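The values are calculated or read from the model by the stated rules, or taken from the named source; none is laboratory data. Not measured: the values here are computed from a predicted model. Neighbour counts are summed over all protein chains in view; Cβ atoms, including those assigned to glycine, are modelled from backbone coordinates with ideal geometry. Calculation scope for accessible area: heavy atoms of the full protein, side chains included, ligands and nucleic acids excluded. Shrake-Rupley method; radii C 1.70, N 1.55, O 1.52, S 1.80 Å.
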Amino acid sequence: MEEPLLPEQRSELGEKGSEKWSSYQYVGRAGSVIPTASLAGTEVSVEEIRSAAADSDHYPPSIHAALVSSPEPDPTEQAVAYQGGYGGGFCGTTNELHRQILDEVEIRELLIDHVGHRCCWGSRPARTWKIQKVEDCNVYVGTLDTFIEERETIRETEPYLGGKFDGKDKGPELGIWELDLKSQFPVLFIPYKESREIIPHSESIDKCSGCAGRGDSVCPTCNANQEPGFYKENLMTQCSACHGRGLIAHKDGSDSICGSCNGKGKIPCATCGSRGLIKCLTCQGSGSLLTRNVGLVRWKTLSTRKVSATSGAASVPDEVFHRAKGVQLCNTQAHQCTPAFFADSFFLNQFSSEVIADRAPVPLTARVISERHTISVVPVTRVTMAHRSRLFSFYIIGFSREVYLKDYYPARFCWGLCPCLEWLKL
């Protein structure tokens, strides 16, 4: 008979730890109407963003007018946030960490379910092997999301076929950062959005450089050896059917007149009809090009992610912790975030500073709109199972209780003859 691994004392500790969570402060700005993507409960006031942008001379106020009317996204829950009062950069105390309360039955059920989704794995070790050790290896996850707007000007040309155009005679050409894009402004912290906008009063009519404004260019087939800008008409090419003889030879020794060239041995140029000129492909024969400046605008989120794991969880890839559901200890959002402050945890203060210091570089053509800084703790339980002298370990991660096995599981029966493809290490 196997004894329970998690005694009642640990349950009491877990209950006590749960009560301690009320001391954590959820750092946010109440009353905001700015929708944000990717993380539920992260808000900042419109006035704060506008004032921060105005103080740093980054944006005209009209840029942020669209924030109030941006469409509400479908929030994706990534963390359990415990709300408290507004505390600036203060994130509460961290006297005692919350632990997952898992008994032996739950541990085995999670592993059996994980094994059951793999067609070549047997469930016997999960059902019968002894649970030798259960360890708490909680992991801290820090993120810094920088939402930027990048603008650049590109030059576009197209054939001018007549009609009106918006030139400088209609008014001064606007600068790239003078464009009002409030109707296209996206939800904060979306991964990526791109928009193109024609810059007003930037159009002009220019002579086509490909044909020097003539609308025609020299035929490259029959006038390939002519001087630039010169051409000859009525140049004929050799008939490919009779090879210039004008006659077609037959097997009986007789000849007949070539039907392709009517016995002349030469035919008109197939490219230009022996005109010597072809229609310019650049201007489509018009001789003029309409040129305009187009503003290319990109909104995107630059993310910095950092994981602080104990040696017991060091073998788990960081991506597993980033997608896991944990407890949010701190969530600040501002034009430029500063390190969070925990009253009794030098480690978390230092960890937050390291995340902020690793801020992603912003391109020279971009400007920062808003930043979001979060610190979460992801509960991680390492379970070691034993049978005689054989051991293997696995991890139960986050409140969604995702099971992670790195490499070894003692009951794999894959010999490359099944569709699981795990033998290929894909």
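Here are the numbers:
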| quantity | calculated |
| --- | --- |
| Some residue of segment 354-364 being over 28 Å from the mean Cα position of the chain (by Cα) and acidic (Asp, Glu) | no |
| Pair list, Cβ < 7 Å and 6+ apart or interchain, from segment 349-360 residues that are closer than 16 Å to Asp145 by Cβ to residues that are open to solvent by 50 Å² or more (accessible area, probe 1.4 Å) and in a loop (DSSP other than H, G, I, E, B) | Ser352/Pro339; Ile356/Thr338; Ile356/Pro339 |
| Boolean, Ser260 is surrounded by fewer than 18 Cβ atoms within 10 Å (Cβ to Cβ) and either out of contact with any helix residue (DSSP H, G or I) (no Cβ under 9 Å at 6 or more places or on another chain) or without any contact (Cβ under 8 Å) to a residue 60 or more places away in the chain (or both) | yes |
| Checklist (1) at pLDDT below 90; (2) within 15 Å of Ser308 (Cα to Cα); (3) open to solvent by 30 Å² or more (accessible area, probe 1.4 Å) applied to Gly326, failing item | (3) |
| Residue list for segment 159-183, restricted to those being within 25 Å of Leu289 (Cα to Cα), basic (Lys, Arg) and in contact (Cβ under 8 Å) with a residue 12 or more places away in the chain | Lys168, Lys170 |
| Among (1) closer than 26 Å to Ala324 by Cα; (2) at pLDDT 70 or above, the one test that Leu421 misses | (2) |
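Residues are listed down the side, and each one gets a yes or a no for (1) open to solvent by less than 70 Å² (accessible area, probe 1.4 Å); (2) within 30 Å of Ile396 (Cβ to Cβ); (3) in contact with a Phe, Trp or Tyr (Cβ under 6 Å, 6 or more places away or on another chain); (4) not small (Gly, Ala, Ser):
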site: Val141; (1), (2), (3), (4): yes, yes, yes, yes
site: Glu150; (1), (2), (3), (4): yes, no, no, yes
site: Gly163; (1), (2), (3), (4): yes, no, no, no
site: Asp166; (1), (2), (3), (4): yes, no, no, yes
site: Asp180; (1), (2), (3), (4): no, no, no, yes
site: Pro186; (1), (2), (3), (4): yes, no, yes, yes
site: Ser195; (1), (2), (3), (4): yes, no, no, no
site: Ile199; (1), (2), (3), (4): yes, no, no, yes
site: Cys219; (1), (2), (3), (4): yes, no, no, yes
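A quick yes/no check of all residues on (1) crowded, with 17+ Cβ neighbours inside 10 Å; (2) modelled with pLDDT of 80 or more; (3) over 60 Å from the mean Cα position of the chain (by Cα):
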residue: Ser254; (1), (2), (3): no, yes, yes
residue: Ile267; (1), (2), (3): yes, yes, no
residue: Cys272; (1), (2), (3): yes, yes, no
residue: Ile278; (1), (2), (3): yes, yes, no
residue: Ser286; (1), (2), (3): yes, yes, no
residue: Gly295; (1), (2), (3): yes, yes, no
residue: Arg298; (1), (2), (3): no, yes, no
